[in-house]
Structures are given as structure tokens and as C-alpha cells.
Amino acid sequence: MEKIKNVDAVEFTVEDKKAMTHAAYAQCIFILAQALAFPSLGMAGAMVAALCGMMPWLTKFAKEAPSKAFGMVMASLCIAPVYGKLCELVIHAIQGA
């Protein structure tokens, strides 16, 4: 039988926080670009764009702490459709003005 390691809470370092901030900004830029280039994809497109935006940072977190990576993905999938819809509304408001 394998021994199970004791899992302690993972602390966020300053470097981790910077990386997560960069990933968040990249997701926002990717979602905005998706809303401009492919507005017909809607919320599903926003979720895919968000995952593509965070992929360079996600691999680092997946190696170090899989639970942190899972949390990043789930938070992204929950927030991306809302931000994508907001981008669409802003784009329509600018085009209509």
C-alpha cells in the first residue's frame, strides 16, 4: 500500500500572486479579442478564450499544486461568460453610438 502524504494548505507567494495577476489580465485581453473577432461564439467562446489566455501560467501551477490549478480553471469558467457578455455589451454600445 502506498503512503498518503499529509497535505497542508498551500500558501501563495509573491511570485504566485504576480503570475495569477498576469494570467487574469491575459484572460481579459483574450476574451476582449474574442468578442471583437468572433462575437457569434458568445459565452462559450469567452470560456475557451479565457482558458487559452491562462494556459502559459496554468501549466506551472498544475505541476506545483494541482488544486490551485483546478481552482484557477473553475474560477475562470465561472467568471469568463460574465466578462464576455460585458465586452459584447460595451462593443455594441460603442458601435451603436
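Some observations on this one:
- Looking only at the range 54-82, and only at residues there that are of a type in the set (G, A, S) and under 17 Å from E15 (Cα atoms), the one that is surrounded by the most Cβ atoms within 10 Å (Cβ to Cβ): A69
- If you go through the range 9-56 and keep only what is polar (S, T, N, Q), more than 13 Å from the chain's Cα centre (by Cα) and in a helix (DSSP H, G or I), you end up with Q34, S40.
- Pairs meeting the criteria (first residue in the range 41-53 and more than 19 Å from G71 (Cβ to Cβ) and crowded, with 17+ Cβ neighbours inside 10 Å, second residue modelled with pLDDT of 95 or more and of a type in the set (F, W, Y), beta carbons under 6 Å, at least 6 apart or on different chains) are A49/F30.
- Boolean, F61 is modelled with pLDDT of 95 or more and part of a helix (DSSP H, G or I): no
- Of all residues in the range 43-97, those being in contact with a Lys or Arg (Cβ under 8 Å, 6 or more places away or on another chain) and more than 21 Å from M20 (Cβ to Cβ) number 1.
The values are calculated or read from the model by the stated rules, or taken from the named source; none is laboratory data. All values reported here derive from a predicted model rather than from experimental measurement. Quick reminder, even Gly has a Cβ in these numbers, built from the backbone with ideal geometry, and neighbours come from all protein chains shown.
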